[in-house]
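FYI, it's all coordinate maths here, none of it is from the lab. Computed from a predicted model, the values in this text were never measured in an experiment.
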Ligand SMILES: Cc1ncc(COP(=O)(O)OP(=O)(O)O)c(N)n1
Ligand SMILES: Cc1nc(C(=O)O)sc1CCOP(=O)(O)O
Ligand SMILES: [Mg+2]
């Protein structure tokens, strides 16, 4: 399956009190990958929320990805996203199996992406491209890096960091397959607006 489309990422603070309704609104508009990103250490809540997302994703035929936590991904039989300090990729591939989706944060470094590809990543993520409400201190990445990545890599390319409907078009023009978005999707005032935004991101990607 070619990975291309909107990659919605949850944020526990932003979605407090409207978690499932906003996620479902996004799924209504079309989401290729949904990442459960919760940086807390409340394991019981994380399991409960991840299970709820897995059930929702099954209904909408969307792939669920767990941020950081390969054990939780294995328990739910879903994918995982690993940053550079979240554990090694090859053993995670062995744990989750060859069909699992495993993503790797590569910041603005092609070398990290080449390494991730060798170790079995399903996609590589570059960022941040713009000012981010969610992660203001993430290192920055340029459009030129995307051009090099497109030439040298044979994996789906994900862009992340401050992406909105107003700034996403150049990323697509420079070869991005997956637009990973938190605030630009879930920062909306209503569920109807979340659905509209999801549809509009997909139109940008022509899917
Ligand atoms: C799609 C995607 N890309 C990058 C990240 C960032 O991962 P990481 O660097 O491990 O930082 P945290 O998200 O864990 O704070 C991501 N989560 N998803
Ligand atoms: C989780 C994350 N990782 C980033 C990176 O550059 O690796 S930027 C980021 C935050 C994405 O949220 P928003 O769409 O609100 O900017
Ligand atoms: Mg991480």
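General observations
- Straightening the chain between residue 203 and residue 99 buys 34.7 nm, computed as 0.36 nm per residue apart minus the Cα-Cα spacing.
- Among 188, 26, 52, the largest mean-square fluctuation in a Gaussian network model of the chain (Cα springs under 10 Å) belongs to 52.
- Residue of 149, 125, 94 that the Gaussian network model of the chain assigns the largest fluctuation, springs spanning Cα pairs under 10 Å: 94
- Fully extended contour minus Cα-Cα distance, from residue 192 to residue 143, at 0.36 nm per residue: 14.5 nm
- In a fully extended conformation the segment linking residue 77 and residue 59 would gain 4.9 nm over its present Cα-Cα distance, using 0.36 nm per residue.
- Along each principal axis, Cα extent of the chain, largest first, Å: 41, 38, 33
- The Cα atoms of the range 65-128 cover 31, 21, 16 Å along the three principal axes, with the biggest extent listed first.
- Only DSSP H runs of four or more residues enter the estimate; each adds -39500 (n - 2.57), and after division by the residues of the chain the mean residue ellipticity at 222 nm equals -12000 deg cm²/dmol.
- GNM result for the chain, Cα springs below 10 Å: residue of 174, 154, 107 fluctuating most strongly: 154
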